[in-house]
Amino acid sequence: MTQTMTAAEVVKAARSDQKVTGPELINGLVTDFFELHGDRLGSDDPAIIGGIGRFHGQPLTVIATNRGATPEEKMATHFGCPSPGGYRKARRLMEQAAHFHRPVLCLVNTPGAYPGQTAEENGQGAAIAQNLLTLSQLPVPVLTVIFGEGGSGGALALAGGDEVWMLAHSTYSILSPEGFASILWKDSRKADQAAELMQLTPTALKQAGMIEGIIPEPRDHQKVIAAIDKVIAPRLQALQQLTVPALLAKRQQRYRKF
Amino acid sequence: MKLYEKANTLSERVVKVDPQADERVPEGIYRRCPRCQTVFAAAQMDQYQTCPQCEYGFRLAAAARLAWLVDTAEPFDQDLQTKDPLAFPGYPTKVAQAQARTGLNDAVWTGQATIADTTFYLAIMDPTFIMGSLGTITGEKLTRLIERATAQRQPVVIYTASGGARMQEGIHSLMQMQKVAGALAQHHAAGLLSIVVLTDPTTGGVTASFAMEADLTLAEPRSLVGFAGRRVIEQTTHEQIAHDLQQAENVLRHGFIDQIVPRAEQRTVLVQLLKMGGRQDDANNDSC
Ligand SMILES: [Zn+2]
């Protein structure tokens, strides 16, 4: 199915309202989920949902982007664009996961980090940067599934771990095809052309060695959840077999080759 | 991350408002400060290329900065060449032009340097090389520099100047953020000192990675330091943003910069921090 889609069609599908959501994925993949709020520095960004739960019986930390369901939620989450407090909440939960030796699962669908005056004042760049540092040394497995848009540094801040998997109808890119076309060709209408060039589809990214693999994405959300579960359960188990030095060396190598 | 957009800088906006301004200020004889708008004779500018009125540091090519910053400099990795990973139309030509103009293979100079017998590993990004954007070779040179510094137990000093990601390298550019972060994390874990000096402009993916990951963070007066582009913020929020939102002094007020250091003081400050800021059991601190 994916093979027959153009890059522009994948972009459209990745942004579809019909897609599985962050909360749905958490509830479908994890039992006994208990949400943990706040960055402990003065904010709690609803664009990032985090907490602990059980995955196949075993405790794990799960961190998901949230685009919101109602108009009010969409406004509050800036349509799934995290603020610095969201990245700091994620970082706090990653460090907590390391402290208690449980793996981290990140579920990402974001157009990117929120560009706003308050976000700038609160150090949006610094918040993402610190997550990258933390991820590179976190002594527990970190697996990311991109299930919609993987927008730039705002996605990388939750995707700098051991493995990155993508749903068939998702993208991962340096910026939106519209932004890319507008900056490089001064013409945002060339977005479709940009999408082809950018290597942002799961197929192109897999070919370029950017991701571990592609997860099929049937229309039915329960089937999507089952497909993700089927892929990540053995991967998390395999990563947990590694010693901490082996895990970190492998992770370092994953990014060193780029 | 948005590419740093040229038309959004204070300087470009001023030129836009008054298109004749440049014509009335003949290049080479007079200069106009893009921050305080003062017009002054170019001859009034010292070797540091700073505004005599407000201390704003004009954008410098890496070679020009190197000339006054260090006493000795031994470059690394000058032969690495980008592979044009997206086969982006016109990109190889753009790179070749930037190489010819700057004498660099990519947007950063890296090497071993000394100031007054203090040795350290140094990176200087060049804002005139495709806007100092973070290409694969930019990231590779930075990573190799930091890895060498870790192996040799040396401190690193990184001067940032960047429009952010290298759009023409797409996702390959994004991965450089994590690659350099990984090297810095190992350097830090080894107990070694890193210093970043933010210069005009430091934006996008560079701000969201190694520009904000050092132990000590300095900045040049009135330099632009931010994550998102001004126009992107204004289009997203439908609000006019404060003119100084992304000025280093304001970023310091919000807690992300240790100190603003004018160019004329940087040699002295770097030596002081290199000797005092790291672990005292490391050789560099009392080298003479
Ligand atoms: Zn001035």
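Read-outs throughout are calculated quantities, based only on the coordinates presented, and are distinct from any laboratory measurement. Quick caveat, the model's predicted, so the values are computed rather than measured. All Cβ positions, even for glycine, are placed from backbone atoms using ideal geometry, and neighbour counts span all protein chains on display.
The table below gives the values:
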| item | result |
| --- | --- |
| Computed E for residue A:33/residue B:237 - FRET, C-beta separation, R0 56 angstrom, nearest 0.05 | 0.95 |
| Highest-MSF residue in chain B out of B:160, B:268, B:143 [GNM, Cα springs under 10 Å] | B:268 |
| Label-to-label distance, nm, for residues given as residue A:196 and residue B:258 (7 Å Cα→Cβ offset) | 5.1 nm |
| Reachable aspartates and glutamates from residue A:223, criterion Cα separation under 13 angstrom, eight or more residues apart if same chain | A:24 |
| Cα gyration tensor, the protein assembly as shown - rounded (a/c under 1.5), prolate or oblate | prolate |
| Cβ-based charge dipole, chain B, positive-most Cα from B:76, B:251, B:123 | B:251 |
| Span from the segment B:45-98 Cα centroid across to the segment A:66-84 one, whole angstrom | 40 Å |
| Other-chain or far-sequence residues with amide H under 5 Å of residue A:150's (modelled H) | A:110, A:171, A:172, A:173 |
| Candidate lysines - alpha carbon under 17 Å from residue A:257, same-chain residues fewer than 8 apart omitted | A:206, B:83, B:141, B:179 |
| The protein assembly as shown - charge dipole about Cα centre, Lys and Arg +1 at Cβ, Asp and Glu -1, debye rounded to 20 | 680 debye |
| Modelled FRET efficiency - R0 56 Å, residue B:114 with residue A:70, Cβ distances, 0.05 increments | 0.40 |
| Residue order, fewest to most beta carbons within 10 Å, for A:138, A:175, A:248 | A:248, A:138, A:175 |
| Cα centroid separation - segment B:106-154 against segment B:185-246, whole Å | 18 Å |
| Residue order, fewest to most beta carbons within 10 Å, for A:171, B:217, B:102 | B:102, B:217, A:171 |
| Rounded to whole Hz, the Karplus (6.51, -1.76, 1.60) HN-Hα couplings of segment B:193-209, x for glycine and proline | 8, 10, 10, 10, 10, 7, 10, 6, x, 10, 9, x, x, 6, 4, 7, 9 |
| Calculated [θ] (222 nm, deg cm²/dmol) that DSSP helices of n ≥ 4 give over chain B, each run adding -39,500 (n - 2.57) | -10000 deg cm²/dmol |
| Centre separation in Å (Cα based) which lies between segment A:1-56 and segment A:160-193 | 19 Å |
| Of B:220, B:239, B:249, the one that fluctuates the most in a GNM where chain B has Cα springs shorter than 10 Å | B:239 |
| Electrostatic dipole magnitude of segment B:59-276 [Cβ: Lys, Arg +1; Asp, Glu -1; Cα centre; debye, to 20] | 160 debye |
| Order of A:11, A:231, B:251 - criterion: other Cβ atoms within 10 Å of each residue's Cβ, fewest first | A:231, A:11, B:251 |
| Among A:208, A:157, A:98, residue whose mean-square fluctuation peaks in a GNM of chain A (springs only between Cα atoms under 10 Å) | A:208 |
| At R0 = 41 Å, FRET efficiency that the Cβ-Cβ distance of residue B:276 and residue A:118 yields, to 0.05 | 0.70 |
| Three-way shape label, segment B:105-197, alpha-carbon gyration tensor, a/c 1.5 | oblate |
| DSSP loop trypsin sites (Lys or Arg not before Pro) with at most 13 other Cβ within 10 Å excluded, longest remaining stretch of chain B | B:84-278 |
| Helix-only CD estimate at 222 nm, as mean residue ellipticity for chain A, using -39500 (n - 2.57) per DSSP H run (n ≥ 4) | -13500 deg cm²/dmol |
| Axial C-alpha extent at least 15 Å, average Kyte-Doolittle at least -1.0 - helices from chain B (DSSP) | B:91-102, B:136-151, B:170-189, B:263-276 |
| DSSP bridge pairs, the protein assembly as shown: antiparallel proportion in percent, nearest 5 | 40 percent |
